[in-house]
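Take a look at the structure set out below.
The values are calculated or read from the model by the stated rules, or taken from the named source; none is laboratory data. Note that the structure is a prediction, hence the values are computed from the model and not measured. Virtual Cβ from ideal backbone geometry, glycine too; neighbours counted across all protein chains shown. Quick note on the areas: whole protein, heavy atoms, side chains included, nothing else; ligands and nucleic acids left out. Shrake-Rupley method; radii C 1.70, N 1.55, O 1.52, S 1.80 Å.
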Amino acid sequence: MNDNDNDLKRLSRLTAILIQLQSKRLITATMLADKFEVSVRTIYRDIKALEQAGVPILTEEGKGYSIMEGYRLPPVMFTETEANALITAEQFILKDKDASFAKEYTAAINKIRSVLPHHTKDKVDLLSSRIIYKNNYEEVKTSKYLSQLQLALTNFNVTKISYYSPETDESTERKIQPFGLYNSAQENWLVMAYCELRKDYRAFRLDRIKSLELLPEKFEQHKMTLQKYFEEARIREEEKARNFKPD
C-alpha cells in the first residue's frame, strides 16, 4: 500500500471517528481501536490529529472521549438509499394517529432535506410523490402526547395524566413512570408505565389520555422491559383462562 492509500485510509478513519464522537456521549480508545481494527496507540494519534485540527475533544480520565457540548460538526451526508429509507418512513409517520409525532418528524425530515445534494433532493421528491400508505387514510389524529411521553421515558420524569376509562365513563388522575411505548395493530399508541395509583405496571392508550404534564419529580430507571411486560401479561391471561368457570 502506497503513502496515498495510507493517507486516504487514515482520512476515512478520522472522519468515521468524528461521526462516532458525534453519535455517542462517551467512547473509549479501546472501543475505537476494535471498531477500526487498529492499535490503541493509533487511535491516540488520531485523536491528537483531530485536536490539532481544532475539534474540541474532551478526555475523561479512565472513561473515554467526548466532543465539547455545543460543538457542531458539518452536516452528515446521506446516500441516496439512506435518503429513500427516510422518505419512505415519512409516509408511515404522517399517517400516524399521534399528532405530535407527525409534527416532530416533519420538522426533522425538512432539516434532512436541506442538506441533501440537489440531484438527490430531486429523486427523493419524486419518490415521495409516488408512495401511498393507506392505513389511516382519513388521517384521523386520536392523540397528541407521544413526543412528551418520549421525553418522560428518556429523562425519567414522573408524568401526571388524566385517564379516561370507558368502563366507568370517568377520568382518573394518575402519576405514571413510563418505561416503554408500543404501537398496536389497531394503530393506537400505548405507553407502558408503573402506575403509582395501582402500585403496578399498566398499559395506557394515548387516545384515552385527556391531559398530560411532565413533573420535575424523577424516578429510577425501571428494570422492567417490554418483552418481560408482555410475557407476564400473557401468563396472566393464560391463568385467567384456566380459572374461568362458565355458568
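Worth pointing out:
- Within a Gaussian network of the chain (alpha carbon springs, distance under 10 Å), most fluctuating of GLU82, GLU220, GLU167: GLU167
- Counting protein heavy atoms only, the chain has 52 percent of its accessible area on carbon and sulfur, 1.4 angstrom probe.
- A straight chain from ALA85 to ARG234 at 0.36 nm per residue would run longer than the Cα-Cα distance by 50.2 nm.
- Between the range 157-201 and the range 8-49, the alpha-carbon center distance in angstrom: 43
- Taking a point 7 Å from the Cα of ARG202 along the Cα-to-Cβ direction, the residues of the range 150-174 with backbone N closer than 19 Å to it are 150, 152-153, 157-174.
- Taking 24 Å as the straight-line reach from the Cα of LYS218, the lysines in range (excluding those fewer than 8 positions away in the same chain) are LYS24, LYS144, LYS160, LYS175, LYS199, LYS210, LYS228.
- Each listed q (0.07 Å⁻¹) maps to a log10 I(q)/I(0) for the chain from the Debye sum over equal C-alpha point scatterers, namely -0.40.
- For the options LYS97, LYS210, LYS199, a Gaussian network treatment of the chain with springs between C-alpha atoms closer than 10 Å singles out LYS199 as fluctuating the most.
- Partner lysines for LYS9 [C-alpha distance under 22 Å; skip if fewer than 8 residues away on the same chain]: LYS35, LYS48
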